[in-house]
Amino acid sequence: MRTHSHHTSAGAWRRSRHAALIALALLPAACSDVGPTDGAPEDVLEGEAGEAALALTLPFLIDDRKSLIVTETDVVSAFTLEEVLQQLIDQAGASSTATPLSVFRQFINNHRPGSSDPNNIGPNCDDEPPNTGDLEPVDDPLTGPIPHEEKNQTGSINGWPIFCPRTADDPESDPFADSESDSAYMATTLANRFDLAPPDGAHCGEYRIVFAKRSGITNTLNRNFIIFEGRLPNPNPSQGRLGCAPVVNFWLNQSDPAKSPATRAAELHDFYFDGLSGFEPVIHIDHYGPEGGQIRTNEFVRPMGLPLTSWSLRQFEIAHAGPTGGWLLIAPSFVSDNPAGKLFTSASGDQRVTDFQATFFPSVVERLAATDDINRFAYGAEVPSEHEAGESLMIPIHNNYLNKFTTAPTAFRNSIQAKLTAMGSTLTPEHIVARAQSLACAGCHEPVNVDNEFFKTTLDENGQPVPDLTDPESPLDVGLDENPLRTLGFTHTSEQKEPVDETTTRERFRISKMLSEKFLPFRQRVMEDFLLNNPILGFEKPGAWTSTQALLSVHTGRVQEGISSLEVKMPSSWNEIVSANFSTAGLTPVGDKITVDLFVSPVQPNPSWIGKVVAMISIPSAGINNQWAGEAELTPLTPGEFHTIQFASLATATKNALNASPSDVKLQFIFNVTANAGPYYLDNVRFAN
């Protein structure tokens, strides 16, 4: 096993893969015992076998607490809020009077009315008053109705009401005067979000830093989190996600067991502040909106007597005239993927509500329904900016889409159900609205159910709130430690610490069980699939597969491997789908059976005959052209789920040719089905033994 930090050469990668497959062949349980349709694809390499393969194929196993989320105190302490703000000032070419303190105070003053802002150097929360028709009653679920004078929806962002003033922090404090004071901020988390890089590689994902106000260590009524979520551009977008390979390898190498915490801290600091060769630094004025990336806050500052309505999640972006313009502002923005709650209820006469219910939301029902993995819940399309709320709140009425949906117009509900019926889904309109709610900040951090009861968990696989396991009357009372869907009560990271291990005195900041047991395993699989698998065979490269009959598109919902599959709509009965040329270098030794994961659509005009699929292979350099590679009957397969299809054994000459690492391999899948069946989904082609 290699333990140094340099990138793996192609030859070394192939040799290590060969060694991995030899090691697997020597394991007591042979993979060849698995039948063509036995189990899901991920079952083939599991337990000790899977770990053996990864250990030998990668230079070392990915440690999720080093390569995906970093909270060790002796590593994150290398990051300070003051240095982040100073870098942004320098990049903007801001005037000599701009300091981290002045930018911080301008940022916090966004929450104050203009009348109480002595500095008057940036936006204030009441610059634009709310529309009277958008104001809603606010009830505290613990104390009951709130007096009118405490509701304070006197401002708006993006045309939607916000609470103003909002006590996010003391605008007169100096968080940089004493790094140990309650007013200071400490870095608690570095997050690798390569999983957010789109299939076309338009960017390389987001890389985040969480700063927590130190007062939250001891005072739960005085907590604030500032999260810098920098979107990193892909310097080689023509290469797709492969252009991001140096970034992924950088994070992989953070798992190198030979690296000390000090080395990792220095390398991570350089990645964020200086950038990898050919890449901009993560911390850059253009990486925090409006073209992508953002700054978010999770605000818990509640002076004595202020109700729970003071909890809020807001989003900001950097505005500047840089690099020589001389000014820099952190300005409020709408919250991404957070449609306003009003859009899910009856509100006649509001064109925004009409457009949302008649056009946008019905258009995303299929994508919201097309997955059973909460990590893949997504709209599949950009939410129109006019629908995005100004803040996301932990209040049963606001941002609780399920609550709103109880009074939704019948036509809206019917339009959702019609989409579900057309795609053969057994989900309900409530499931779809709940999945949308889980995408909102409030829905991810602290979901509430339609009856306004608070839960200490996130949503289940259908997007429905899970009962509070602290309630002894709960039918799902299995104990907190056994529940994998736990937040930390409004957060996924914490100011509180825990031991890193039992052998040292090192500490790290805690993370939620939802992160450790649900989100991080998914992000690790995305990273492993990128490092190990061929993007054409994994359907990770848009445009790599073509057809003159079928309609093809990248799909990020129904996926077995990586981040995307190939959606196939078949308007005719005969459909040929052809890959681009690819090389088997790095895949050797190649097995003798073409294997693919196929989702069989529940939409079948003729359920008694679903059809069949034929596989063909070409390697022109070896004199092999359109060679038959087997066929599979689809009628016996259960619609509405993925199946592993394994075709007949390839001829020995073909297998030998594949193992010679040719670069002109091409695959064809020919579907003979009933016209207008589908869509089908293809994923994870491999040459298996």
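The values are calculated or read from the model by the stated rules, or taken from the named source; none is laboratory data. If you're wondering where the values come from, they're calculated on a predicted model, not measured in any experiment. Cβ atoms come from the backbone with ideal geometry, glycine included; neighbour counts cover every protein chain shown. Please note that ligands, DNA and RNA were not included when accessible areas were found on the heavy atoms of the full protein model with its side chains. Shrake-Rupley method; radii C 1.70, N 1.55, O 1.52, S 1.80 Å.
Structure values in brief
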quantity	calculated
FRET efficiency estimate (nearest 0.05) - Cβ-Cβ, Thr504 to Ala411, R0 56 angstrom	0.35
By average C-beta atoms within 10 angstrom, highest first, the peptides 87-93, 561-567	561-567, 87-93
Estimated distance in nm for a label pair at Glu128 and Thr99, the labels positioned 7 Å out from Cα along Cα-to-Cβ	3.3 nm
Mean-position separation - Cα centroids, region 624-638 and region 339-384, in angstrom	39 Å
Rounded accessible area of Thr410 (nearest 10 Å², 1.4 Å probe)	90 Å²
Highest to lowest packing among 433-441, 516-524, scored as the average C-beta count within 10 Å	433-441, 516-524
About the Cα centre, charge dipole magnitude for region 522-590 (Lys/Arg +1, Asp/Glu -1 at Cβ), debye	120 debye
Where labels lie 7 Å past Cα in the beta-carbon direction, separation of Ser553 and Glu83 in nm	4.5 nm
Computed E for Asn689/Ser116 - FRET, C-beta separation, R0 60 angstrom, nearest 0.05	0.25
Rounded Å value of the spacing that divides the Cα centres of region 402-422 and region 512-588	31 Å
Of Lys66/Lys259; Lys541/Lys666; Lys541/Lys593, those spanning more than 21 Å from alpha-carbon to alpha-carbon	Lys541/Lys593
Accessible area, probe 1.4 Å, largest first, for residues His287, His431	His431, His287
Extension reserve of the Thr73-Thr588 stretch, reckoned as 0.36 nm per residue once the Cα distance is removed	181.2 nm
Cross-link reach list, lysines versus Lys404, counting only Cα pairs under 24 Å and skipping chain neighbours closer than eight places	Lys151, Lys342, Lys419, Lys456
Simple label model, 7 Å out from Cα along Cβ direction - Ser277 to Asn606, nm	5.9 nm
FRET efficiency, 1/(1 + (r/R0)^6) with R0 45 Å, evaluated for Glu576 and Thr421 via beta carbons	0.90
Accessible-area value, Lys541, 1.4 Å probe, nucleic acids and ligands omitted, Å²	100 Å²
Added length on full extension, which subtracts the Cα-Cα distance from 0.36 nm per residue, Ala321 to Glu172	51.0 nm
Region 308-375: relative contact order as a whole-number percent, Cα under 8 Å and 6+ apart	19 percent
Virtual paramagnetic centre 7 Å along Cα→Cβ of Thr546, amide N under 19 Å, in region 655-689	663-671
